[in-house]
1. Near Lys97, which aspartates and glutamates are there with a Cα under 12 Å away, not counting those fewer than 8 places off in the same chain?
2. Select from Thr41, Thr66, Thr323 the residue whose mean-square fluctuation is largest in a Gaussian network model of the chain (Cα-Cα springs shorter than 10 Å).
3. Under the rule of at least 5 residues apart or a separate chain, name every residue whose amide H is placed under 5 Å from the amide H of Asn134.
4. Of Lys184/Lys239; Lys3/Lys184; Lys163/Lys302, which sit over 20 Å apart, Cα to Cα?
5. So what does Tyr129 come to for accessible area, using a 1.4 Å probe and Å² rounded to 10?
6. Would you rank Arg21, Arg267, Arg250 by solvent-accessible area, highest first, keeping every protein chain in place and using a 1.4 Å probe?
7. Excluding Asn298 itself, what net charge comes from residues whose Cβ is under 14 Å from its Cβ, given Lys and Arg +1 and Asp and Glu -1?
8. Per residue of the chain, what 222 nm ellipticity follows from adding -39500 (n - 2.57) for every DSSP H run with n ≥ 4, rounded to the nearest 500?
Amino acid sequence: MEKKNIDWSNLTFAYRQTDYRYVSNYKDGKWDDGELTTDATVVLNECAGVLQYSQSCFEGLKAYTTEDGRIVCFRPDLNAERMYNSALRLEMPPFPKDRFVEAVKAVVKADAAWVPPYGSGATLYIRPYMFGSNAVIGVKPADEYQFRILTTPVGPYFKGGAKPVAVKISDFDRAAPHGTGHIKAGLNYAMSLHAIVTAHKEGFNENIYLDPATRTKIEETGGANIIFVDADGNLVVPKSASILPSITRRSLVYIAQNILGLKVDEREVLLSEVEEGKFRECGLCGTAAVISPVGQINDHGKVFEFASGMEEMGPVLKKLYDTLTGIQMGRLEAPEGWICEINV
């Protein structure tokens with residue numbers, strides 16, 4: 001199988017249309033068999049539920065070329081589970097978990113020529129998504145839905161790769177108490193767009209959102225979970241019912257505890273702890289960025305720089321990053337069930 005003629009090492013995190021995508025439709029109370037298609041166009045009625053009431057959810061995962069030339073995905077069963085839960089919360093018919101994984105395998109196999117080669121720094125990003133597709137004018141769930149998976153080869157999420165970034169404390173709230181912050185709903189990201197555009201205009205890479213009730217606790221950013229390393233080298237993970245359960249974060253916690261032998265403390269994290277200098281390292285973690293180190297946090301003009309600085313990733317986060325990417329790329333042995341091989 002010959003790879004596409006692309007300058008893989010200079011890819012940005014941007015959409016590039018590939019050859020195949022997967023489509024399945026829900027109608028009359030059941031999902032159809034689904035199929036691969038070369039048609040990238042989605043045709044909807046002007047009154048479709050997704051257009052009127054934003055009834056949609058999505059996932060994000062990646063396919064990698066390993067050191068020995070295999071094509072693999074990382075823990076797609078957890079993406080299937082999370083999307084299942086997102087659909088339930090939005091009154092959408094969940095796409096079956098086993099079919100989700102099989103659909104991911106099918107579309108990656110079909111687009112194998114688009115999976116970047118090992119060592120290029122690029123990956124094949126996989127975006128499963130679902131939306132209400134039939135006409136809905138009264139405020140209610142749609143009756144028909146479409147589940148799709150697209151793929152696109154991408155470079156690093158943040159320019160400069162693992163270079164530390166500067167972030168700011170946002171004046172906006174990411175999620176309401178008892179709202180939808182814990183699911184991957186499109187509407188959560190729509191409300192963050194104004195905040196991220198504002199942050200970029202002010203020279204910051206991302207926003208840190210505080211808990212909406214007291215605005216004293218750190219939750220997450222617009223596109224990633226947050227992790228800290230304290231003065232003793234322990235991993236500290238913010239805990240809240242409004243935080244999206246990141247598969248990358250979950251994997252990093254396991255690696256820290258079971259492979260690196262670190263102590264992990266999952267708890268509420270106060271902004272005042274950052275101000276008091278209790279953490280030596282900070283990072284944003286997620287599928288797109290893996291770990292992007294944070295060099296400094298700006299709270300309305302008060303700048304708090306971590307001991308790891310703005311030049312390179314701190315030592316603990318670097319060990320976590322190297323271990324996780326080593327597992328994903330086949331350089332290190334993976335825990336059972338973490339790697340899903342695509343037979344091409």
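1. Asp77, Glu81
2. Maximum fluctuation in the GNM of the chain, among the listed residues, is at Thr41.
3. Gly49, Asp143, Glu144
4. Working: Lys184/Lys239 17 Å; Lys3/Lys184 32 Å; Lys163/Lys302 22 Å.
Exceeds cut-off: Lys3/Lys184; Lys163/Lys302.
5. About 50 Å², ignoring ligands and nucleic acids.
6. Highest to lowest solvent-accessible surface, that is Arg250, Arg267, Arg21.
7. Around Asn298, the charge tally is -3.
8. Working: 8 runs with 78 residues, N = 344.
So the helix-based figure for the chain works out to -6500 deg cm²/dmol.
The values are calculated or read from the model by the stated rules, or taken from the named source; none is laboratory data. Not measured: the values here are computed from a predicted model. Neighbour counts are summed over all protein chains in view; Cβ atoms, including those assigned to glycine, are modelled from backbone coordinates with ideal geometry. In case anyone asks, the SASA skips ligands and DNA or RNA and just uses the protein heavy atoms, side chains included. Shrake-Rupley method; radii C 1.70, N 1.55, O 1.52, S 1.80 Å.
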